[in-house]
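Since the structure comes first, as structure tokens, the remarks are kept for the end.
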Amino acid sequence: MSLTIIPAGFFHSDLSVLSPEAPRGRRLRIPVYTYLVRTKDSLILFDTGCSHRCRTDPAGLLGEDAVPLLTPVLTPDDHISAQLRNLNLMPLDIDLVVNSHCHFDHAGGNEAFTNNAFGIQEAEYRAAETDRATYPDLAFQPPGPSRLTLFSGDTELAPGVTLLFTPGHTLGHQSLLVELSDRAVLITSDAVYTRSHFSVDRLGAAKDPVLARKSLKRLLKLAEHGARPFFSHDPEQVRAEGWKLAPFEYA
Ligand SMILES: [Zn+2]
């Protein structure tokens, strides 16, 4: 089994987007990632990054007011379809596309997977269907029922590849635990934005802060027990901790 961390562009972001209590005015360059897990007999993609429209029409997608606070810095090569091509893969090679949640920077690249099987938490699916304020861009275009699996709670996708239900950031958010040969890697997704958010005293943007804190505590416990966390939007983590990005495969 292996895990590849795929870079999927950047945002110039105001710190207040990541930390709602922070004053406006401090700018950060925050990364976006997707993750490819290769099991014995399947390829699983966790998150799909941003859509083409996020690059070509950010104001139309995110709203005029949002763009100054969260400015996409994307090239065509950041799209998941291009990143897969760099790995000599086509969208149809992916056996299962899973979204941690349905925000535009995690499900925007779903547009590349027109005939693939998808998996998502049922709670997220229901929220994305009904809550247009939180999911304005319809990043998650639900495939027909024959291509969609709705998970409820923790779900083992393959031996050593487990979705962890970590609601709070959104109502159906999930993280991913990949148990590699030497160590488990914990893909937090937006349950934890950055290393500095990985503390009980801190919380990123959360639809339900009580649930978010509970999920955060759960992930902290897993890290205490040896899982190596990888955060969704940390500007420093890759360099500071020496993580290797695609095409490197953690095995
Ligand atoms: Zn995000």
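Within region 44-88, work out how many residues are outside any loop (DSSP other than H, G, I, E, B), β-branched (Val, Ile, Thr) and touching a strand residue (DSSP E or B) at 6+ places or on another chain (Cβ under 8 Å).
Going through region 44-88 one residue at a time, the tally reaches 4.
Examine region 195-214 for a residue that is within 19 Å of Arg183 (Cβ to Cβ), within 17 Å of the chain's Cα centre (by Cα), part of a helix (DSSP H, G or I) and charged (D, E, K, R), and state whether such a residue exists.
yes
Going through region 14-43 one residue at a time, which ones are of a type in the set (S, T, N, Q), outside any loop (DSSP other than H, G, I, E, B) and over 17 Å from the mean Cα position of the chain (by Cα)?
From region 14-43, those of a type in the set (S, T, N, Q) are 16, 19, 34, 39, 42; that's our starting set.
Next cut, outside any loop (DSSP other than H, G, I, E, B) only: 16, 34.
Across region 14-43, the qualifying residue is only Ser16.
Answer yes if at least one residue in region 135-149 is over 24 Å from Pro91 (Cβ atoms) and more than 16 Å from the ligand (Cβ to nearest atom), and no otherwise. Before the answer, list the steps.
As a first pass, look at region 135-149 and keep what is over 24 Å from Pro91 (Cβ atoms): 136.
Now drop any that are not more than 16 Å from the ligand (Cβ to nearest atom), which leaves none.
No, region 135-149 contains no residue that is over 24 Å from Pro91 (Cβ atoms) and more than 16 Å from the ligand (Cβ to nearest atom).
Which residues, counting only those in region 89-117, are farther than 25 Å from Pro145 by Cβ and touching a strand residue (DSSP E or B) at 6+ places or on another chain (Cβ under 7 Å)?
The first filter runs over region 89-117 and keeps only residues farther than 25 Å from Pro145 by Cβ, leaving 89, 105.
Answer for region 89-117, where residues must be farther than 25 Å from Pro145 by Cβ and touching a strand residue (DSSP E or B) at 6+ places or on another chain (Cβ under 7 Å): just Asp105.
May I ask you to list the residues in region 214-234 that are within 16 Å of the ligand (Cβ to nearest atom) and among the basic types (Lys, Arg)?
The answer is none; no residue qualifies.
Looking at Asp201, Asp154, can you tell me which residue is modelled with pLDDT under 95 and more than 16 Å from the ligand (Cβ to nearest atom)?
Asp201
Is it the case that region 185-194 has a residue that's more than 14 Å from the ligand (Cβ to nearest atom), touching a Ser or Thr at 6+ places or on another chain (Cβ under 7 Å) and over 24 Å from Thr134 (Cβ atoms)?
Of all residues in region 185-194, those more than 14 Å from the ligand (Cβ to nearest atom) come to 185-186.
With touching a Ser or Thr at 6+ places or on another chain (Cβ under 7 Å) added as a condition, the list becomes 186.
Going one step further and asking which of them are over 24 Å from Thr134 (Cβ atoms), we end up with 186.
So far as region 185-194 goes, yes, one or more of its residues are more than 14 Å from the ligand (Cβ to nearest atom), touching a Ser or Thr at 6+ places or on another chain (Cβ under 7 Å) and over 24 Å from Thr134 (Cβ atoms).
Working carefully through the options Gly108, Gly49, Gly63, Gly25, find the one that is within 16 Å of the ligand (Cβ to nearest atom) and on the phi > 0 side of the Ramachandran plot.
Just a single option satisfies the conditions, and that option is Gly49.
Would you point out which residue out of Leu222, Leu176 is out of contact with any Lys or Arg (no Cβ under 6 Å at 6 or more places or on another chain) and not in a helix (DSSP H, G or I)? Don't jump to the end; show me each part of the working.
On the way: Leu222 fails: not in a helix (DSSP H, G or I).
Exactly one of Leu222, Leu176 is out of contact with any Lys or Arg (no Cβ under 6 Å at 6 or more places or on another chain) and not in a helix (DSSP H, G or I), namely Leu176.
Please specify each residue of region 235-251 satisfying the condition of being within 16 Å of the ligand (Cβ to nearest atom) and part of a loop (DSSP other than H, G, I, E, B).
Pro235
What number goes with the only condition from (1) surrounded by fewer than 12 Cβ atoms within 10 Å (Cβ to Cβ); (2) touching a helix residue (DSSP H, G or I) at 6+ places or on another chain (Cβ under 8 Å) that His52 does not pass?
Failing condition for His52: (1).
Yes/no matrix, rows are residues, columns are (1) touching a helix residue (DSSP H, G or I) at 6+ places or on another chain (Cβ under 8 Å); (2) in contact (Cβ under 8 Å) with a residue 12 or more places away in the chain; (3) among the charged types (D, E, K, R):
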site	(1), (2), (3)
Pro7	yes, yes, no
Leu15	no, yes, no
Arg27	yes, yes, yes
Leu74	yes, yes, no
Ile80	yes, yes, no
Thr114	yes, yes, no
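Name every residue in region 166-192 that is in contact (Cβ under 8 Å) with a residue 60 or more places away in the chain, buried (at least 24 other Cβ atoms within 10 Å of the Cβ) and hydroxyl-bearing (Ser, Thr, Tyr), in order of residue number.
Passing the criteria: Thr170, Ser175, Ser189.
For region 66-97, how many residues meet the condition of being more than 15 Å from the ligand (Cβ to nearest atom) and either buried (at least 23 other Cβ atoms within 10 Å of the Cβ) or modelled with pLDDT of 95 or more (or both)?
The number of residues fulfilling the criteria is 21.
Exactly one condition in (1) of a type in the set (Gly, Ala, Ser); (2) more than 18 Å from the chain's Cα centre (by Cα); (3) within 22 Å of Thr48 (Cα to Cα) is false for Ala223; which is it?
(3)
The values are calculated or read from the model by the stated rules, or taken from the named source; none is laboratory data. Here the structure is a predicted model, which means the values were calculated and not measured. Neighbour counts are summed over all protein chains in view; Cβ atoms, including those assigned to glycine, are modelled from backbone coordinates with ideal geometry.
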